[in-house]
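Laboratory data are not the source of any read-out in this text; all were calculated from the coordinates shown. Everything quoted here is computed from the prediction, not taken from an experiment. For neighbour counting, all protein chains shown are included, and Cβ atoms are generated from backbone atoms with ideal geometry for every residue, glycine included.
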Ligand code: ARG
C-alpha cells in the first residue's frame, strides 16, 4: 500500500475501489493551483512558527521544483495517490522523507484544500469566459453600428411585425449579454473567497493565519465559517448558472441564424466558413456552427442541474459526493469558451440579404401599425377605429395580391373610408425606412436611439473589460509575489519580513 492514510487500515484497498474513487485525470487541470496553495500554506506555517525555518525552506524548494516540472512537462499523477493533493504530498515526502516532508500537511485537510484549489482554478476560467463574453459583445456592437441603418422585419410570434433595423436587432443581444456579464461578475465575487485554513471541518488548534494565505492567494476575503467553507459549492453553482445564462442567450442568437439563413427566410447568410455540406445531398450547405452552439447549451444546462442535484440533501461536512463537482464544471468551460469565440467570428462574417429583407417588409404589411398611428394623429380617431380601417385595407390588398407599395389603391380605399390622405403622404407613412425613424420613444428602433443605446453599452462594456483585466493582473501579481517569497525563503531569507502585505 502506498496511501498516506494507510496506517489505520488492516487490509489493502481493492484495486476496483481505487479506480472507482481516484480523480487524477480530473485534477490534472489544477495541479499548478494546488502547488500555489501549498506554497502559500507553507509560507504561512513558517510565519506563524508552526514550521521550523529549515524544514519550510526544504519543502518550499521541492514545491518550487514541482511547479517548474508542472509548467515544463506536466507532473504525471499516480492513481495510487487518488488525487492531486496526495500526489503532491507524496512527491514532497519522497524527496524529503516523512520527518520533513510529512510536516507540509499540518493544519490543513484535503477538504479545505480541494475547495481552495477549485476556487483558484474557477476564478481564472470565469475570467476567460467573462473576457470571451466581453469580446462577443464588442463584435456585436461593432456590427450593429456598421449596419445601423439597414431595415429588416422585426418578428413577434415568428410572424412579420414591424420594421426594425439590423443594428436594433443585433444590439438587443448586447443588451442581454451585458446582464450576463453582471452575473459573471457576481459569480466571480462569490468564487473569489478563501476557504484555506478551514481544515477538515472544525478549524484547527494550531494558531494559523487565514488572512495571510487569503491575501497571498489574492482572494477578496474569507469564507469564515469552517463547516460552511468545506461543505458549500454554491459559488460553483453560481458560476454554472451565470454561464448557463450566457449559453441560453447565445442559443437564441444561434436559433435566429439557423432559421434566417434557410431558403424560406433567406434574410441572412452565415457563409461557407461556418457551414458544412451533406454526404448525400449535393446542394446542401448547413449552418452547423449555429446549430451546435444551440445544441451545446444543453450540456451547460445539464451540468448546472447536475450540480444542484449534487448538493441537494447533502449533509454538512465534506462528503465524497462533492468530488463530483468538477466534471460538470470542466464540461461547462469546455463547451462555453469555444462557443463564445466562434459565435464572435460568425457575427463578424454575417451577410444580410438586402433584397429579401426589403421584400419581406412589404409582403408582411409591416408598416400597418404606423398607418393606423397616423390616422389617429390626423383625425383624432380612437386607436381601435384606426386599427379597424387599416385592418380592412390590409384585408382588401391582401386578397388582391397587392401590398402597401400600391399607393393609388390605398389612397382610394382610405378616401372611401372618409380619410383624405395625399398619395405622397401615404407613401411617406408606409415606407419602412421612414417607419423606423418615426419611432421616438426611449429604447426604440430609431437609428439615433440605437446609437445612443450602443454608446451606453460601450461604456458598460469598458467597465466589464477593466474588471477582467484588473482581476487578471491582481492574480498574476499575487502569484508572482508568492513565488518570489517562496524563492527568497528557499534561499534562507526570513519570510515574516518579506511577507508584509
Ligand atoms: N479528491 C477530493 C475531491 O475532489 C478531495 C479529497 C477529499 N477528502 C477525502 N477524504 N476524500 O473532492
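A few remarks follow.
- Residues listed by number, the range 97-111, amide nitrogen under 12 Å from residue 200 label point at 7 Å toward C-beta: 107-111
- Set the Cα radius of gyration of the range 148-259 against 2.2 N^0.38 Å, with N its number of residues, and you get 1.69.
- Relative counts (whole %) of C-alpha pair distances in the range 116-161, using bins that are 5 Å wide: 6, 17, 11, 12, 13, 12, 10, 8, 6, 5, 1
- At q = 0.16 Å⁻¹, base-10 log of I(q)/I(0) for the range 392-501 (Debye sum, equal scatterers on each alpha carbon): -0.87
- At an R0 of 41 angstrom, the distance between the Cβ atoms of residue 440 and residue 348 translates into a FRET efficiency of 0.85.
- Compactness of the chain - radius of gyration and Dmax, Cα, Å: 31.0, 103
- Inter-centroid distance (Cα atoms) of the range 380-439 relative to the range 5-66, Å: 78
- Net lengthening on full extension, residue 400/residue 6 (0.36 nm per residue, minus Cα-Cα): 133.0 nm
- DSSP-defined beta bridges in the chain - what % are antiparallel, rounded to 5: 90
- Cα point-scatterer Debye curve for the range 250-364, base-10 log of I(q)/I(0) at q = 0.11, 0.17, 0.23 Å⁻¹: -0.52, -0.87, -1.21
- Cα pair distances in the range 202-280, grouped into 5 Å bins until the bin that holds the longest one, percent each: 3, 10, 11, 13, 11, 7, 7, 6, 6, 7, 7, 6, 3, 1, 0
- Under Stokes-Einstein, with the Kirkwood radius over Cα pairs as Rh, the value for the range 49-113 at 4 °C and 1.567 mPa s is 105 µm²/s.
- Computed over the chain, relative contact order equals 19 percent, with contacts defined as Cα pairs under 8 Å that lie 6+ residues apart.
- Ratio Rg/Rh [Cα only; Rh per Kirkwood] for the range 151-216: 1.47
- With Rh defined as the Kirkwood radius, the inverse of the mean 1/r over Cα pairs, the Rg/Rh of the range 1-130 is 0.98.
- Note on the range 10-58: along the principal axes its Cα atoms extend 42, 32, 16 Å, ordered by decreasing extent.
- Share of Cα-Cα pairs in the range 186-320 lying beyond 26 Å, as whole percent: 49
- Cβ-derived FRET efficiency at R0 41 Å, residue 472 paired with residue 355, nearest 0.05: 0.35
- For the range 376-455, convex hull of alpha carbons as volume per residue, Å³: 108
- Ordered by the number of other Cβ atoms lying within 10 Å of each residue's own Cβ, fewest first, 394, 389, 153 fall into the sequence 394, 389, 153.
- Computed FRET value (nearest 0.05) for residue 263 with residue 73, which takes r as the C-beta separation and R₀ as 41 Å: 0.20
- In the chain, the calculated helix contribution to ellipticity at 222 nm averages -21500 deg cm²/dmol per residue, counting -39,500 (n - 2.57) for every DSSP H run with n ≥ 4.
- Taking label points 7 Å from Cα along the Cα-to-Cβ direction, residue 224 and residue 175 give a separation of 4.2 nm.
- The convex hull defined by the C-alpha atoms of the range 299-433 has an orientation-averaged projected area of 15.2 nm².
- Global size of the range 61-185 as Cα Rg and Dmax, reported in angstrom: 25.6, 78
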